[in-house]
Amino acid sequence: MSFLASIENSALAAWVRESSSLLAYPTILFMHTVGLGFLVGLNAAIDFRILGFARKLPLAPMESFYRIMWAGFWVNLLSGTLLLMADATTKLTSRVFFVKMAFVFLGVLNMVLIRRRVFRDPAIDMAPVARFGRALAIASLVLWMGAITAGRLMAYFGPVSGAPGLQNRIP
């Protein structure tokens, strides 16, 4: 716990948590939301196309979305780390946080599997996607919904934040 407290009491974490600058907590939270939108939004577009929606839209060119999805992932990793540092003693002792991280890990793993199994199929746009690809798409939607839900529930379940300045930011 003292290690978590030392992270939370670092100058960077204090700036994120306590600064009145719009570049601190508000911008970092905004960037986390934007990264999530790109990562999960494009994942969902690919998933729904795999499931048969918008059949006239070719699937193969959608592979280029992966660059944007990975950019969204890295934005979320960086912004999420900063948000975590600002409240390490609370978040890293919360089961809901670890549930969220499990969903994120599995969602990213599933994203890689879709790229390897669906986008490497030479007949990608000649026939409907195979059953395994459709199962991956359904799993992707469930995993990302789980990650988002767990992320939102962190504000309501688990330890209450003891970090000064965060109480007025909890909805």
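The values are calculated or read from the model by the stated rules, or taken from the named source; none is laboratory data. In this text, all values refer to a predicted model and were calculated from it rather than measured experimentally. So basically every Cβ, Gly included, is an ideal-geometry build from the backbone, and we count neighbours across all protein chains shown. Accessible surface areas use protein heavy atoms only, side chains included; no ligands, DNA or RNA. Shrake-Rupley method; radii C 1.70, N 1.55, O 1.52, S 1.80 Å.
Among the chymotrypsin sites (Phe, Trp or Tyr not before Pro) found in region 25-96, those both in a DSSP coil and sparsely packed, with 11 or fewer other Cβ atoms within 10 Å of their Cβ, are PHE53. Computed over the chain, relative contact order equals 32 percent, with contacts defined as Cα pairs under 8 Å that lie 6+ residues apart.
Sorted by accessible area (1.4 Å probe), largest first, how do ASP121, ASP87 line up? The partial results should precede the final answer.
On the way: ASP121 65, ASP87 5 Å².
Largest accessible area first, the residues go ASP121, ASP87.
Rolling a 1.4 Å probe over the heavy atoms of the protein chains gives the chain an accessible area of 58 Å² per residue. With all protein chains in place and a 1.4 Å probe, the accessible surface of region 17-82 carries 76 percent carbon and sulfur. Comparing ALA54, ALA44, ALA139 in a Gaussian network model of the chain, where Cα atoms under 10 Å apart are tied by springs, the biggest mean-square fluctuation is seen for ALA54. By the combined test of axial Cα extent (at least 27 Å) and Kyte-Doolittle hydropathy (mean at least 0.0), the qualifying DSSP H helices of the chain come to 25-50, 65-86, 95-117, 131-153.
Using the Cβ of MET111 as centre and a radius below 12 Å, the other residues enclosed give a net charge of +1, where K and R count +1 and D and E count -1. Sum up the charges of everything whose Cβ sits under 9 Å from the Cβ of GLU8, counting Lys and Arg as +1 and Asp and Glu as -1, but leave GLU8 out. Residues near GLU8 contribute 0 overall. Radius of gyration (Cα atoms) of region 86-159, expressed as a multiple of 2.2 N^0.38 Å: 1.44. Volume of the convex hull of the chain (Cα atoms only), normalised per residue: 117 Å³.
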